Amino acid sequence: MKAVAGRAEAFTRVELAVVVAVVAALLVMLIPATDRARQKSARIACINNLKQIGIAYRIWSNDNGDRYPFSASVTNGGWRDFLYLTDESAYAWTNYAAMSSYLGPSPLVLVCPTDERKPAQTFVNLVANTNISYFVGVSANDTFPQALLGGDRNLGPGTTPDPEYGYSPSNGKGNDVIITGPVCWSLKMHSKGNSSGAGNIMLGDGSAQQTTSGNFSANWLKPSMQKITVQNGPTNPVGIRLIFP
C-alpha cells in the first residue's frame with residue numbers, strides 16, 4: 001500500500017531517544033556557560049561600580065582641599081569625626097552619603113550585583129551600612145595613587161576563605177580593622193569557582209581591578225604598600241585601616 005501523500009512519518013522510539021539525549025547534552029554544556037557569563041557580567045558591573053565611586057572620590061577631593069570624606073571634618077562635609085567614636089564602623093555609610101551628589105542619581109552603584117544586600121531606594125534613604133557592599137580604606141592618602149581606597153566587603157583574616165562575608169557582619173554594625181597580616185576573600189560575591197577567593201579593589205587613583213586572595217596579599221599588603229597606606233595611632237598597631245560596612 002502506498003503511503004498517503006503529505007503525511008509526515010512519526011519518530012521512532014530510538015530516534016526520539018536520540019533527540020532527547022542530544023538536547024540534554026546541549027543543556028549540560030549550556031548551563032555552565034550561562035553561569036560563567038552571568039558571573040563575568042556581575043564582576044564587570046561591580047568593577048564599574050568601583051570605578052564610578054573612584055571618580056567620585058577624585059572629584060570630591062578636588063573640591064575639598066585634596067581630602068577624602070574620611071579625612072575631612074563633618075563641618076567640612078566629611079565624616080572624620082565619626083572615626084573617633086567607639087562605634088565608628090557603624091557610620092561607614094556616611095562616607096558615601098557625603099559623596100552622594102558625585103555618585104549619580106541612584107545609590108545602586110553602592111551595591112555589588114552578587115551581594116545579598118540591596119541598595120537604598122534613594123540617597124535620602126541611605127542611612128545604614130546594610131545598603132553598602134564596599135569597605136573604606138581610611139588609611140588612603142590622596143598623594144599616593146596606589147593606596148587601597150576601597151573594595152568588596154567580603155574580606156576576612158587568614159588564608160582560609162570564610163563561608164560568609166569575612167570582616168563585614170550581616171547586622172550592619174560594621175567593623176574597624178587594622179590589617180597587619182594575610183587576608184583572603186570569603187566564598188561570597190566573586191569567589192564562586194575559586195576555592196581561595198577573589199574580589200575587587202579600588203585604588204587611590206580611582207582605578208579598580210579584580211584580584212585573587214594570593215595576589216592581594218602578595219602585592220597590595222606587602223611592606224612597601226603598607227608604607228603608602230600606613231595607619232598608626234596610640235592604640236592601633238601599624239597596618240592598613242579598613243572600615244567594613
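A few remarks follow.
- Of note, SER186 satisfies the criterion of being modelled with pLDDT of 85 or more and either over 26 Å from ASP87 (Cα atoms) or buried (at least 22 other Cβ atoms within 10 Å of the Cβ) (or both).
- Matching option when the condition is under 14 Å from the mean Cα position of the chain (by Cα) and without any contact (Cβ under 8 Å) to a residue 40 or more places away in the chain, among GLY199, GLY150, GLY137, GLY156: GLY156
- Single residue of region 124-145 satisfying the filter (modelled with pLDDT of 90 or more and in a loop (DSSP other than H, G, I, E, B)) that is most open to solvent (accessible area, probe 1.4 Å): VAL127
- Leading residue by the ranking (modelled with the lowest pLDDT) among those in region 146-165 that are charged (D, E, K, R) and surrounded by fewer than 21 Cβ atoms within 10 Å (Cβ to Cβ): ASP162
- Considering residues of region 72-96 that are touching a residue at least 60 places away in the same chain (Cβ under 8 Å) and not hydrophobic (A, V, I, L, M, F, W, C) only, the residue nearest to ASP205 (Cα to Cα): ASN95
- Qualifying residue in region 226-240 (condition: modelled with pLDDT under 95, surrounded by fewer than 14 Cβ atoms within 10 Å (Cβ to Cβ), assigned to a loop (DSSP other than H, G, I, E, B) and of a type in the set (Lys, Arg)): no
The values are calculated or read from the model by the stated rules, or taken from the named source; none is laboratory data. Because the structure is predicted, anything quoted here is derived from the model rather than measured. Methodologically, a virtual Cβ is constructed for each residue, glycine included, from the backbone with ideal geometry; neighbour enumeration extends over all protein chains shown. These area figures cover heavy atoms from the full protein model, side chains too; ligands, DNA and RNA do not enter into them. Shrake-Rupley method; radii C 1.70, N 1.55, O 1.52, S 1.80 Å.
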